[in-house]
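S.K.: Handing you this structure, nothing more for now.
The values are calculated or read from the model by the stated rules, or taken from the named source; none is laboratory data. For clarity, every value in this text was computed on a predicted model and none was experimentally measured. With ideal geometry, Cβ positions are generated from the backbone for all residues, glycine too; neighbour counts draw on all protein chains shown. Heads up: the accessible areas ignore ligands, DNA and RNA and are worked out on the full protein's heavy atoms, side chains in. Shrake-Rupley method; radii C 1.70, N 1.55, O 1.52, S 1.80 Å.
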Amino acid sequence: MSSGDSAVTISGVVERLTYHNPQNGYTVAKLAVRGQRELVTVVGNFSGINAGESLRLTGWWSEHPKFGPQFKLRDYQVLKPATVVGIEKYLGSGLIKGVGPVTARRITAHFQLQTLEIIERDPDRLLEVPGVGPSRLGMIKRAWQEQQAIKEVMLFLQSHGVNTAHAVKIYKTYQDQAIGVVSQDPYRLAKDIWGIGFVTADKIAQAMGIGAGDQARVAAGVAYTLSQAADAGHTYLPLEILVEKAAEILKVDPALVQPVIEQEIARHELFTEDTEGKPVYIPPFYFAEQGVARRVKELAAAPKAPPLVMRQGEQILRQVGQDLSPQQQEAVLTALKSRMMVLTGGPGTGKTRSVRAMVDLFGQLGLRVLLASPTGRAAKRLSEVTGAEAKTIHRLLEFNPAQLEFTRNDTHPLEADVLVVDEASMLDLILANSLFKALGNARLVLVGDVDQLPSVGAGNVLRDLIDSGIIPIVRLTQIFRQAQGSLIIQNAHAVNQGQMPRLVLPGEERTDCYFLAADTPEQALELLVRVVRESLPRSRHRYDPIADVQVLCPMNRGLVGAHHLNNVLQAALNPPGNGPEVQYAGRTYRVGDKVIQLRNNYQKLVFNGDTGVITDIDPENQEVHVRFDEEVVFDYTDLNELSLGYSISVHRAQGSEYPATVIPILTQHYLLLQRNLLYTALTRAKGTAILLGQRKAIAMAVRNAQVRKRYSGLAERLLADAPCSGIR
């Protein structure tokens, strides 16, 4: 093979895809070319190809210094497979739901070179093939028709720069209206389809000739800017900052942006108030903030429990709370006296014991108690420590997938006298509003550690409630004797107080928190894999490296970031060969992989941050089965909702506890090295925590007490004409 400047054409059959990025179509494929003894490596941007497809490619030969000769693609044409083997590969590649490698082999063995023509013109003849019954025939016919429709949509979208993965999502959302919707309003894609954001929609729009200053484009860019701000935790942006950021994203003059914002406000697509900074909200956050503030004020102004009830409660508490500290007793009685209260405190201060006493007391008073938490892990832990059933908030509020709303609301409230919500630092504004609307006449007890990182979703609800001071707050500060023996808890409190944690090296003493030094990211990476794969499983606790050990990273990017570590740990803990696997969006998923959900999926009742394990991959039906609390089935096209979960960011670990954690912390993480991040990471470990990296990086995190400001108007709304309350 020789290099040259002139374009050449080759033809061959795709043997396998080594890599494919659906975001830009960049693909590395292996091609069987007639006359070539070895497979040819092809690199370039494809709109979507499958193993077994026959291609005619035009491009250039080049020599990669590491990988050798490659064919660099300029353009290509898909040809129908010309051989039985090619047809079999083509059908069995996952192209058609209902046809996996086994069924593809049977069909092509029966129909030989006529296979594709039979499927196209007389698909009922597939019933002649052993193993193909009426049900599978129906699936194959629907999938084939869908593929033809998608190809039509693809031809249109491909000319506007849309990749295959997005084309399938667009088709599934709009069906036969897909081309019409995209032609009329490409920015609808960003609103309607998760995974297609403004940037992708904007590329399509500009390819269709929509100008940079077009009003629809500017309005979509403003909405995108506010959406990005919400992802960073803000419920609004001040007008001046919104104009500046939107203009930067859109690459237009700020003078074009403000008039569009004002027009969107006039149309009630956006909302604002004449307060300092002129905050601009998208509707859900505007109404949620008002709703939470109104409900909290109502609860703060509600009558306290009568003296008789308090005397009964004190009597019961003397029986069920003999081992409680004065602070804990105060917390229990405050929960009885008030319609709403917050119980906060660090690890080892007895929040759990206080909640158990509350549940016992309310039960003996004949009150109906409900327990909830934002995540499944936290709800399970709450059930274990109280002996009573606890649910996730979403399950408690009975989400109805058909209606896309909670069944429990202000007109159909929860049937309870008391609601206790644990891990309340995770409550974002939207979820808090739904919860508060469904309270009815119940008391509300929020339990959480306010010094942890705030919620992943927008808002800073627990902090705002405490800062407003309009409801009773009890902060537990005493660390109990059994907790004092834990170096994890000692170090967490030291970090929270701005002190350097005590860094114990393995072998110095037996404890539950160790430090392993690594001077460079490369050393840290090698050491981390060894600790997860070998050291922790061989420790006295015999930790399972997948089920029990969780790596928590300050950030996602970098050599020792969550994304790269996931690939490295997957290769170390669950290498290929244990069963079927599927590639999607540049990631490989295998049976046995630990995965994490990246978004709230209300139809499947699985939520952002839930972790599970892949139990089955079905190539024929193009499904991946994941066991969370219950088994959930994902179509291949929904796999962008999942990521590998061997390593996750500290933010995603909120509300969860793990038997063992490994926390890489290096100066390369400097952008996110904050005291509350390190504190949160340490408090996620139940049995063993290992800090791995540089002392200097740990010191940087301890010194940095700055908490990133979140734009939230809740505290101000709570203080506006707020009723006075007995703050503790």
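S.K.: Do we find that Val582 is assigned to a strand (DSSP E or B), under 27 Å from Ile617 (Cβ atoms) and aliphatic (A, V, I, L, M) in this structure?
M.R.: In short, yes.
S.K.: Yes or no: Asp616 assigned to a loop (DSSP other than H, G, I, E, B) and either more than 16 Å from the chain's Cα centre (by Cα) or under 28 Å from Leu462 (Cα atoms) (or both)?
M.R.: no
S.K.: Kindly provide the set of residues from the range 93-119 that are over 21 Å from Val13 (Cα atoms) and assigned to a helix (DSSP H, G or I), ordered by number.
M.R.: Answer for the range 93-119, where residues must be over 21 Å from Val13 (Cα atoms) and assigned to a helix (DSSP H, G or I): His110, Ile118.
S.K.: Pro575 versus (1) surrounded by fewer than 17 Cβ atoms within 10 Å (Cβ to Cβ); (2) in contact with a strand residue (DSSP E or B) (Cβ under 6 Å, 6 or more places away or on another chain): which is the lone unmet condition?
M.R.: With (1) surrounded by fewer than 17 Cβ atoms within 10 Å (Cβ to Cβ); (2) in contact with a strand residue (DSSP E or B) (Cβ under 6 Å, 6 or more places away or on another chain) applied to Pro575, the lone miss is (2).
Condition check ((1) farther than 21 Å from Ala51 by Cα; (2) under 38 Å from the mean Cα position of the chain (by Cα)) across all residues:
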{"site": "Ala109", "(1), (2)": "no, no"}
{"site": "Asp124", "(1), (2)": "yes, no"}
{"site": "Leu127", "(1), (2)": "yes, no"}
{"site": "Ile140", "(1), (2)": "no, yes"}
{"site": "Glu146", "(1), (2)": "no, yes"}
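S.K.: Give Arg475, Arg533, Arg538 a once-over and let me know the one that is out of contact with any Cys (no Cβ under 6 Å at 6 or more places or on another chain) and exposed (fewer than 14 other Cβ atoms within 10 Å of the Cβ).
M.R.: The unique qualifying residue is Arg538.
S.K.: Any idea which of (1) at pLDDT below 95; (2) buried (at least 18 other Cβ atoms within 10 Å of the Cβ); (3) in contact with a helix residue (DSSP H, G or I) (Cβ under 6 Å, 6 or more places away or on another chain) is the one Ile663 doesn't satisfy?
M.R.: It is condition (1) that Ile663 fails.
S.K.: Sticking with this one: Taking the range 666-684, which residues are under 17 Å from Leu516 (Cβ atoms) and open to solvent by 20 Å² or more (accessible area, probe 1.4 Å)?
M.R.: Within the range 666-684, Thr667, Gln668 qualify.
S.K.: Would you mind finding the one in Lys72, Lys89 that is on the phi < 0 side of the Ramachandran plot, basic (Lys, Arg), under 39 Å from the mean Cα position of the chain (by Cα) and outside any helix (DSSP H, G or I)?
M.R.: Lys72
S.K.: Another question about this same structure. Residue check: is Gly197 under 15 Å from Gln263 (Cβ atoms), at pLDDT below 90 and of a type outside the set (A, V, I, L, M, F, W, C)?
M.R.: no
S.K.: Now a separate question. Pairs please, first residue from the range 294-308 and surrounded by fewer than 19 Cβ atoms within 10 Å (Cβ to Cβ), second anywhere and assigned to a loop (DSSP other than H, G, I, E, B), Cβ atoms under 7 Å, 6+ apart in sequence or on different chains.
M.R.: From the range 294-308, the pairs are Ala301/Pro723; Ala302/Arg339; Lys304/Ser338.
S.K.: Suppose the filter is under 21 Å from Leu91 (Cβ atoms), at pLDDT below 85 and open to solvent by less than 80 Å² (accessible area, probe 1.4 Å); does Val168 pass it?
M.R.: Judged against the criteria, Val168 is a match.
S.K.: What's the total number of residues in the range 542-560 that are touching a helix residue (DSSP H, G or I) at 6+ places or on another chain (Cβ under 8 Å) and surrounded by fewer than 24 Cβ atoms within 10 Å (Cβ to Cβ)?
M.R.: Going through the range 542-560 one residue at a time, the tally reaches 10.
S.K.: State the number of residues belonging to the range 490-505 that are touching a Gly at 6+ places or on another chain (Cβ under 9 Å) and under 14 Å from Leu691 (Cβ atoms).
M.R.: Residues flagged as touching a Gly at 6+ places or on another chain (Cβ under 9 Å) and under 14 Å from Leu691 (Cβ atoms) within the range 490-505 amount to 2.
S.K.: Return the pair list, or none, for Cβ contacts closer than 6 Å from residues in the range 603-632 that are at negative phi to residues that are open to solvent by 30 Å² or more (accessible area, probe 1.4 Å) and hydroxyl-bearing (Ser, Thr, Tyr), at least 6 apart or on different chains.
M.R.: Sorted first by the residue in the range 603-632, then by its partner, the pairs are His625/Thr615; Arg627/Thr615.
S.K.: Looking at this structure, is Asp428 within 24 Å of the chain's Cα centre (by Cα), over 19 Å from Val606 (Cβ atoms) and among the acidic types (Asp, Glu)? Spell out how you get there, then give the answer.
M.R.: Values: within 24 Å of the chain's Cα centre (by Cα): yes; over 19 Å from Val606 (Cβ atoms): no; among the acidic types (Asp, Glu): yes.
Judged against the criteria, Asp428 is not a match.
S.K.: Identify, by number, the condition in (1) open to solvent by 30 Å² or more (accessible area, probe 1.4 Å); (2) touching a residue at least 24 places away in the same chain (Cβ under 8 Å); (3) out of contact with any helix residue (DSSP H, G or I) (no Cβ under 9 Å at 6 or more places or on another chain) that Tyr236 doesn't meet.
M.R.: For Tyr236, the exception is condition (3).
S.K.: Turning to a different aspect of this structure: Which members of the range 608-630 meet the condition of being surrounded by fewer than 21 Cβ atoms within 10 Å (Cβ to Cβ) and under 18 Å from Phe399 (Cβ atoms)?
M.R.: Within the range 608-630, Asn608, Phe628, Asp629, Glu630 meet the criteria.
S.K.: Looking at Thr41, Thr9, Thr27, which one is modelled with pLDDT of 75 or more and either under 26 Å from Gln622 (Cβ atoms) or in a helix (DSSP H, G or I) (or both)?
M.R.: Result: Thr27 is the single residue among Thr41, Thr9, Thr27 that is modelled with pLDDT of 75 or more and either under 26 Å from Gln622 (Cβ atoms) or in a helix (DSSP H, G or I) (or both).
S.K.: Output the number of the condition that Asn600 fails; it satisfies all remaining conditions of (1) over 21 Å from Val28 (Cβ atoms); (2) more than 16 Å from the chain's Cα centre (by Cα).
M.R.: (2)
S.K.: Among the residues in the range 506-518, are any out of contact with any Gly (no Cβ under 6 Å at 6 or more places or on another chain), within 30 Å of Arg717 (Cβ to Cβ) and outside any strand (DSSP E or B)?
M.R.: Looking through the range 506-518, none of the residues is out of contact with any Gly (no Cβ under 6 Å at 6 or more places or on another chain), within 30 Å of Arg717 (Cβ to Cβ) and outside any strand (DSSP E or B).
S.K.: If the Cβ limit is 7 Å and pairs must be 6+ apart or interchain, which residue in the range 460-472 that is crowded, with 23+ Cβ neighbours inside 10 Å pairs with which residue that is hydroxyl-bearing (Ser, Thr, Tyr) and part of a helix (DSSP H, G or I)?
M.R.: Leu462/Ser425
S.K.: Here is a further query. If we keep just the residues of the range 268-319 that are hydroxyl-bearing (Ser, Thr, Tyr) and not in a strand (DSSP E or B), which is farthest from Gly457 (Cα to Cα)?
M.R.: First, the residues of the range 268-319 that are hydroxyl-bearing (Ser, Thr, Tyr): 272, 275, 281, 286.
Among the residues that remain, those that are also not in a strand (DSSP E or B) are: 275, 286.
Details: Thr275: 24, Tyr286: 15 Å.
Once the filter is applied, the top-ranked residue is Thr275.
S.K.: Name every residue in the range 243-283 that is in contact (Cβ under 8 Å) with a residue 12 or more places away in the chain, open to solvent by 70 Å² or more (accessible area, probe 1.4 Å) and either small (Gly, Ala, Ser) or under 29 Å from Ala432 (Cβ atoms) (or both), in order of residue number.
M.R.: Lys245, His268, Glu269, Thr275, Lys278
S.K.: Which of the following residues is modelled with pLDDT under 90, acidic (Asp, Glu) and either touching a Lys or Arg at 6+ places or on another chain (Cβ under 7 Å) or over 25 Å from Gly457 (Cα atoms) (or both): Asp231, Asp185, Asp192?
M.R.: Exactly one of Asp231, Asp185, Asp192 is modelled with pLDDT under 90, acidic (Asp, Glu) and either touching a Lys or Arg at 6+ places or on another chain (Cβ under 7 Å) or over 25 Å from Gly457 (Cα atoms) (or both), namely Asp185.
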